[in-house]
Amino acid sequence: MYQLFLNELTPQQFLTDYWQKKPLLIKAGFREFIDPISPDELAGLAGEEEIESRIVSNKDAAWDMETGPFEDFSHLGEEGWTLLVQAVDHWHPQSAALIEPFRFIPNWRIDDLMVSFSTAGGGVGPHLDQYDVFIIQGQGKRHWRVGMPDSSLKQHCPHPRLLQVTPFVDCINVITEPGDILYIPPGCPHDGISLDPSLNYSVGFRAPAQKDLLTGLADHLIDQDITGRRFTDPERQIPESVGAISEQDLSQVQDLLRQLVDDKNLAAQWFGSYISHAKHELDATEPDPHYEANEIGEYLEEGSVLAKLGGLRTLYYQANPAEDIQLFINGDRFLVPVTELATVKKLTDQISLSQEDCQHFAADNGRLQLITLLINKGYWYFTE
């Protein structure tokens with residue numbers, strides 16, 4: 001397990017002074033760092049149809065981008081290109097462990113682990129992102145420049161599928177070595193150029209836009225066949241112009257929308273399902289045939305250990321301590337008795353279930369039924 005050192009900052013001090021405020025270089029954030037994946041293993045993942053990957057290259061000042069899957073890299077040469085693979089935590093448990101030290105940020109905010117391999121001179125060009133990211137240096141060295149948000153910067157496309165930014169003033173100019181970590185808030189321009197063959201690990205965070213939230217809410221209303229209240233106007237007066245939308249009418253429409261969003265129970269059901277759904281393919285394999293609960297109970301009582309599927313989003317919401325708990329797992333919602341908060345936290349806050357945890361599930365029929373369902377979905381699996 002990796003242990004994070006925040007330059008003598010506590011996680012709370014980091015959140016107070018840096019999170020979404022300014023970038024930070026964390027020298028030796030992971031001490032004596034060992035790469036969890038090799039370039040060859042990463043190339044193997046990039047050859048899979050269901051895994052999102054791309055190659056960005058810059059040869060003779062000409063930028064190019066290809067999307068995977070990739071079977072051959074020989075045409076790319078020895079310099080000037082980068083392979084990027086998304087959601088490696090879904091497919092490579094050893095790499096997924098890199099996310100765990102950053103769990104002082106809530107589960108729902110964490111997106112995925114992107115891993116990149118760059119040859120000397122490789123990079124994706126100066127750009128900015130609309131989300132927070134921790135970039136961990138693996139093997140090799142990389143020259144990074146990071147700036148503060150600047151409204152005067154212009155974005156441009158040197159290639160139809162590449163968005164870069166005009167030159168910026170840096171506040172961090174550093175060569176990162178294995179175990180160094182860069183924290184980059186949203187809107188901060190940054191540019192990393194590999195000095196030799198290198199690996200980088202990017203822990204990204206979800207930052208849904210209003211458009212995405214409204215689209216997700218609309219989809220939920222359609223899926224659940226929720227109509228809600230309708231517009232009414234029993235005090236309607238004759239207007240000066242029948243073509244005009246009055247201020248009163250517009251305000252009432254806004255009120256209708258607010259009432260929908262202000263329904264805390266509806267909002268919790270929608271948001272929990274929406275934000276827990278994996279953006280990328282999961283490596284879930286359902287057992288065939290499915291287990292019966294009594295079989296699972298026997299395995300758990302005999303000392304089995306369970307691990308959570310990489311990239312699986314597990315969240316919960318409880319309006320108050322007297323209400324039942326809404327458990328959300330990859331878009332599914334389960335209503336769990338108020339007495340089972342400890343059970344829920346084992347599923348949401350832990351990446352594995354020890355023998356003691358497993359016996360906790362075996363000791364109650366409701367818990368046993370729940371863990372059996374999750375195992376049959378391929379979300380938890382036996383490790384021994």
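A few comments on the model shown:
- Prolate/oblate/rounded label for the stretch 145-299 (Cα gyration tensor, a/c 1.5): oblate
- Rolling a 1.4 Å probe across the protein heavy atoms gives the chain an accessible surface of 53 Å² per residue.
- Using the Cβ-Cβ distance between PHE73 and ALA342 with R0 set to 56 Å, the FRET efficiency works out to roughly 0.70.
- Amide N of the stretch 366-382 lying under 18 Å from the label point, which is placed 7 angstrom from the Cα of ARG103 along Cα→Cβ: 379-382
- Rel. contact order, % - alpha carbon contacts under 8 angstrom, at least six apart, the stretch 1-70: 24
- Here the Karplus curve 6.51 cos²θ - 1.76 cosθ + 1.60, taken at θ = phi - 60°, turns the phi angles of the stretch 232-243 into couplings of 10, 8, x, 9, 4, 10, 5, x, 5, 9, 6, x Hz, with x standing for Gly and Pro.
- Gained length - LEU257 relative to GLU8, 0.36 nm times residue gap less alpha-carbon distance: 85.0 nm
- Relative contact order %, the chain, counting alpha carbon pairs below 8 Å whose residues are six or more apart: 16
- Carbon plus sulfur fraction of accessible area for the chain, probe 1.4 Å, in percent: 50
- Under Karplus coefficients 6.51, -1.76 and 1.60, residue-wise ³J(HN,Hα) of the stretch 315-328 in Hz, glycine/proline x: 9, 8, 9, 9, 4, 7, x, 9, 9, 4, 9, 9, 9, 10
- Here the simple spin-label model places points 7 Å from the Cα toward Cβ, and for LEU221 and LEU153 these points are separated by 3.6 nm.
- A simple count of charges around SER246, restricted to other residues whose Cβ falls under 13 Å of its Cβ and scoring Lys, Arg +1 and Asp, Glu -1, yields -4.
- Theoretical ellipticity at 222 nm over the chain - DSSP helices of four or more residues, -39500 (n - 2.57) apiece, nearest 500: -7500 deg cm²/dmol
- Simple spin-label estimate for LYS264 and ASP324 gives 1.8 nm between the two label positions (7 Å along the Cα-to-Cβ direction from each Cα).
- For the stretch 6-82 versus the stretch 270-284, the gap between their alpha-carbon centres in whole angstrom: 23
- Cα gyration tensor shape of the stretch 85-153, rounded if a/c is under 1.5, else prolate or oblate by comparing a/b with b/c: oblate
The values are calculated or read from the model by the stated rules, or taken from the named source; none is laboratory data. Not measured: the values here are computed from a predicted model. No Cβ is skipped: glycine too gets one built from the backbone with ideal geometry, and neighbour counts run over all protein chains shown. Side chains included, ligands, DNA and RNA excluded: accessible areas come from the protein's heavy atoms. Shrake-Rupley method; radii C 1.70, N 1.55, O 1.52, S 1.80 Å.
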